[in-house]
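Quick notes on the structure that follows.
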């Protein structure tokens, strides 16, 4: 239980760290914070404009008051104002975050499912199947995510023309209809496959190695002696040992999956949070970048907390200790 | 088992030697200068092994000259990350307040969304070489530190360290002369892994357009190829060959690491 409590504390510290980083970055960098916070070049601003921005951003107050205003912007849900896009950061992110979550969460779930089944089958029995699939995963692990995506595009969009290579929906389809839904799934297949393939090896290796580590335990020998089937041994005995580290790792990887989604969205020209981030980088829209970082950290921390709760609920030792 | 290790070692060293050779003396591999222009979008032929790109540069030449950039960033940032990781790893294995602080630091960096943080920090810090190396190192030390921490804790509980303590050696003496030598094989393995991580991170960053466009690394090349319509032109080698190089480099380091890994 202490481990999870520590984890929770680290989560909170992580979150505070991101908030402080976001607040400190534009003020610590060499150059005028006004330029960083508005994204407008200093030279192209008139004196009146400059004074207006300075007042609007509360840069004339002392640093603690500024921090107070920053915290306030986090709590009222606006996350700051993007002067480039002329909208609050939260409204921009909210309009895009759906696509990102559709890609990254689905990819996390699918890759975990495949890794669990595959890793258990490979890890529970020594032999050629284990060797081949482990080697294959090691090789996939060397491919950067954009390479996987490009290979898929070349194969399925330009070679065999069966999948679209950009966007999340075909034009001229009305929102909310069943056709729209299936069209969305059709467009999601390649991006999700890309991310799934990129995440698969690390997860597969964790499941396989954990399963391999418990393979020589005496209770497994006993189970085999009693004549239990392979399926029963795999899912009844080995899975229990694999579950804890696996669930913890899945929670950790949600944040990374949003990072992976940045690459995939750029590759498939999907209007998601990742393309919002890269557009913001090109346009030097610093408040928007910080907003994206904040939201990503928020999602990462929340997912870690949720998986910790799942870990506590599924751990028989902890469950009994509490009762 | 020994034989397969030898094969892995030879294969890894061959690929690595080829790339090192490429980065040290690129002129041996290609007759053209790095920014020499030819006709646009030439198909692969004897004079241009991989064809030319949208502004007429020979693609193979660009790959050869990109090797040193990729190598330099990969190796220097992983070395930095290694030093940082070893230091924080050993410190976090101490008992008491210092240990707790550094363990917390490790846990904190494990949780941070790495790529998004890197993109935002790179946007703030600017695109210089040094900045990119520092940033990649800043997010690359975590795994090293975790492994070093685990190993150090294991070593500290062993009897020869106890013996040292009984003889009254100081903490620093024990750390430098008794713990550090035992970490060397782990550090070496982590260095090989770290180069892989750095190269992958660098290529992902430069694929997203955060990088030096004039001295392209392999990731930058893919980014340019992607943005300038290599898909539509069917110039798949412009897109895929730099990626193949990245994979080969990563595979080479992995194979060497596999071959030199201690039997457990």
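Only the coordinates and a few stated rules stand behind these numbers; no lab work does. What you see is a predicted model, and the numbers here were worked out from it, not measured in a lab. Note that we place each Cβ from the backbone using ideal geometry, even for glycine, and neighbour counts take in every protein chain shown.
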Cα-derived Rg to Rh of the stretch B:81-143, Kirkwood definition:
1.05
Return a whole-number percent for the relative contact order of the stretch A:52-192, with Cα pairs under 8 Å and 6 or more residues apart as the contact set.
15 percent
Plugging the Kirkwood radius over Cα pairs into Stokes-Einstein for the stretch B:198-264, at a temperature of 10 °C and a viscosity of 1.306 mPa s, what D comes out in µm²/s?
122 µm²/s
Average other protein chain Cβ within 10 Å of Cβ, residues A:51-63:
0
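Calculate, in whole percent, how much of the Cα-Cα pair population of the stretch A:219-323 lies beyond 18 Å.
65 percent
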Rg(Cα) of the protein assembly as shown divided by 2.2 N^0.38 Å?
1.03
Normalised alpha carbon radius of gyration of the stretch B:103-195 [divisor 2.2 N^0.38 Å]:
1.40
Value of relative contact order over chain A, rounded to a whole percent, pairs C-alpha under 8 Å and six or more apart:
28 percent
By how many nm would the segment from residue B:5 to residue B:158 lengthen if fully extended, with 0.36 nm per residue of separation less the alpha-carbon distance?
52.0 nm
With axes computed from alpha carbons, what is the tilt in degrees of helix B:180-207 against the longest principal axis of chain B, rounded to the nearest 10 within 0 to 90?
30 degrees
For chain B, calculate the relative contact order in percent as a whole number, restricting contacts to Cα pairs under 8 Å that are 6 or more residues apart.
26 percent
Across B:228-235, the residue-averaged tally of Cβ atoms belonging to other chains within 10 Å stands at 1
Using the alpha carbon gyration tensor of chain B, what are the three equivalent-ellipsoid semi-axes (square root of 5 times each eigenvalue), largest first, in whole Å?
42, 22, 13
Using just the C-alpha positions of the stretch A:56-109 as equal point scatterers, what log10 of I(q)/I(0) does the Debye formula give at each q in 0.20, 0.23 1/Å?
-0.78, -0.89
For chain B, calculated [θ]222 nm from helices alone, where every DSSP H run of n ≥ 4 adds -39500 (n - 2.57)
-23500 deg cm²/dmol
Go ahead and run the numbers for FRET between residue A:95 and residue B:97, Cβ-Cβ distance against an R0 of 56 Å, rounding to 0.05.
0.75
Volume per residue, Å³, of the convex hull around the alpha-carbon atoms of the stretch A:32-152?
203 Å³
Return one number: the angle in degrees, 0 to 90 and rounded to the nearest 10, between the long axis of the Cα atoms of helix A:63-75 and the longest principal axis of the Cα atoms of chain A.
60 degrees
FRET efficiency for residue A:20 and residue A:189, Cβ-Cβ distance as r, R0 = 41 Å, nearest 0.05?
0.50
For the stretch A:145-199, take N as its residue count and report Rg(C-alpha) divided by 2.2 N^0.38 Å.
1.20
Per residue, what volume in Å³ does the convex hull of the Cα atoms of chain A enclose?
202 Å³
CD proxy, 222 nm, chain A: helix-only mean residue ellipticity via -39,500 (n - 2.57) per DSSP H run with n ≥ 4, per residue, nearest 500, stands at -24500 deg cm²/dmol
Separation between Cα centres of the stretch B:148-183 and the stretch B:97-119, rounded to whole Å
25 Å
Exposure proxy check: B:151, A:218, A:125 ranked by fewest other beta carbons within 10 Å?
A:218, A:125, B:151
Please provide three numbers in whole Å: the alpha-carbon extents of the stretch A:1-96 along the principal axes, with the largest listed first.
58, 32, 21
Simple SL model, points at 7 angstrom along Cα→Cβ for residue B:172 and residue A:65; separation in nm is 4.8 nm
The extension gain from residue A:249 to residue A:235, computed as 0.36 nm times the residue separation minus the Cα-Cα distance, is 3.1 nm
Enter the Cα centre distance for the pair the stretch B:5-43 and the stretch A:262-314, rounded to the nearest angstrom.
37 Å
Additional length obtainable on full extension of the chain from residue A:202 to residue A:155, 0.36 nm per residue less Cα span
14.5 nm
If one compares the long axis through the Cα atoms of helix A:47-56 with the longest principal axis of the Cα atoms of chain A, the angle in degrees, nearest 10, works out at 50 degrees
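Give me the tail of P(r) for the stretch A:140-234 as a percent: Cα-Cα pairs with distance above 18 Å. Please report the intermediate quantities before stating the final value.
Values: 2868 of 4465 pairs.
It works out to 64 percent of all Cα pairs.
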D for the stretch B:1-81, whole µm²/s, Stokes-Einstein with Kirkwood Rh over alpha-carbon pairs at 4 °C and 1.567 mPa s: what number?
89 µm²/s
Order of A:189, A:18, A:132 from fewest to most other C-beta atoms within 10 Å?
A:132, A:189, A:18
Report Rg/Rh for the stretch B:164-236, rounded to two decimals, where Rg is the Cα radius of gyration and Rh the Kirkwood radius.
1.42
Rg to Rh quotient for the stretch B:29-170, alpha carbon positions, Kirkwood Rh:
1.24
Please rank B:228, B:146, A:27, fewest neighbouring Cβ atoms within 10 Å first, as an exposure proxy.
A:27, B:228, B:146
Other protein chain Cβ atoms within 10 Å, averaged over every residue that makes up B:101-112:
5
Site residue A:298, offset 7 angstrom along Cα→Cβ, radius 13 Å on amide nitrogen, limited to the stretch A:250-280, gives none
